Amino acid sequence: MNGDTNAHIPLAHRGVLRVTGEERAGFLQGLLTGDLMRVSADTALYAALLTPQGKILHDLFIAADGDALLLDVEAARLADLLQRLGRYRLRAKVAFEDVSGRFQVLAVPGGDAALELPPRPGACRSRRGGGVAMVDPRHPALGLRLILPRDEAASGRFEDYDRLRLELGVGDGSPDFGEGAMFALEANLDCLDGVSFSKGCYVGQEVTARSHHRSLIRRRLRPVRVDGPLPAPGTPVFCGEREAGELRSGRDGLALALLRIEPFESAEAPLTAGDARLTPLVPVWDR
């Protein structure tokens, strides 16, 4: 990765939702893929809200902050998430507040020794000046993820973090997952500690559990190296003359592609998308 790995890089495409109320954890436990009972002062979580058919609507990060939960969510679709949560609330003792105007989300790919966090996924601690710091719950190779007050200084280029994410093979919100278009296991949430197979029911749980236990997943989101002009997201990927998937987000010769597990793994024909040739890379969750 180029650039300053210790930079605190602002993730302007992410927003922050504050969840309060005595039933906050139990309410989210019945909706999200992750086990909210794991969330504590020293452990953060990655999870998703699915459709009843098991497809991703929103992916999010959850951290405890005193008597509240802070949710790191996709900013452009925060209103949609609020609307969906409101439909399920009924009489639950829980409240939601968009605090994106007060908090920002940052990434620190190289970590920050001053925070003294152990190198385990989701290791978390509150910060004296407000907000929380966590080791990325998906994989430590992504570095740290911070939710800080907006008046705290940030530095670094988003492009540097985005290249790292693409090279590691980790999706990021609707540009990669779509909106109710990709199954949780196609997006590798099972490999990135974003799905619990031991907790109780949640929205989309039946399809997700069945796909896991019966090995029904036929496609995975994977990193690829792009030789040639970067095709637009949604461009079909071919293995010879046979369609093998489609491209998602990308930059600087790297991209993510939703690829069939077969036929490309044993095929001699190259992968292509538009005028570019694709070379599959080994994702961090499969190393």
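Quick notes on this structure:
- Some residue of the range 183-192 being surrounded by fewer than 20 Cβ atoms within 10 Å (Cβ to Cβ), at pLDDT 95 or above, assigned by TED's automatic domain parsing to the domain that holds residue 212 and acidic (Asp, Glu): yes
- Strands (runs of 3 or more DSSP E) contained in the range 211-287 and holding at least 1 residues free of Cβ contacts under 8 Å to residues at least 40 places away in the same chain and within 18 Å of residue 188 (Cβ to Cβ): 242-251, 254-260
- One residue stands out in the range 225-248 among those that are of a type in the set (D, E, K, R) and loosely packed, with under 14 Cβ neighbours inside 10 Å: the one that is farthest from residue 181 (Cα to Cα), namely 227.
- Matching entry among 18, 14 (being touching an Asp or Glu at 6+ places or on another chain (Cβ under 9 Å) and closer than 21 Å to residue 188 by Cα): 14
- Scanning the range 144-175 for residues that are of a type in the set (Gly, Ala, Ser) and modelled with pLDDT under 95, we see that the one that is farthest from residue 252 (Cα to Cα) is 153.
- Qualifying residue in the range 116-134 (condition: at pLDDT 95 or above and touching a Phe, Trp or Tyr at 6+ places or on another chain (Cβ under 6 Å)): no
- Test: residue 180 is surrounded by fewer than 21 Cβ atoms within 10 Å (Cβ to Cβ), in the same structural domain as residue 249 (by TED's automatic domain parsing) and under 14 Å from residue 57 (Cβ atoms): yes
- Pair list, Cβ under 7 Å, 6 or more apart: the range 135-164 residue under 18 Å from residue 59 (Cα atoms), other residue outside any loop (DSSP other than H, G, I, E, B) and of a type in the set (Lys, Arg): 136/145; 142/165; 162/251
The values are calculated or read from the model by the stated rules, or taken from the named source; none is laboratory data. From a predicted model like this one, the values you see are computed outputs, not experimental measurements. All Cβ positions, even for glycine, are placed from backbone atoms using ideal geometry, and neighbour counts span all protein chains on display.
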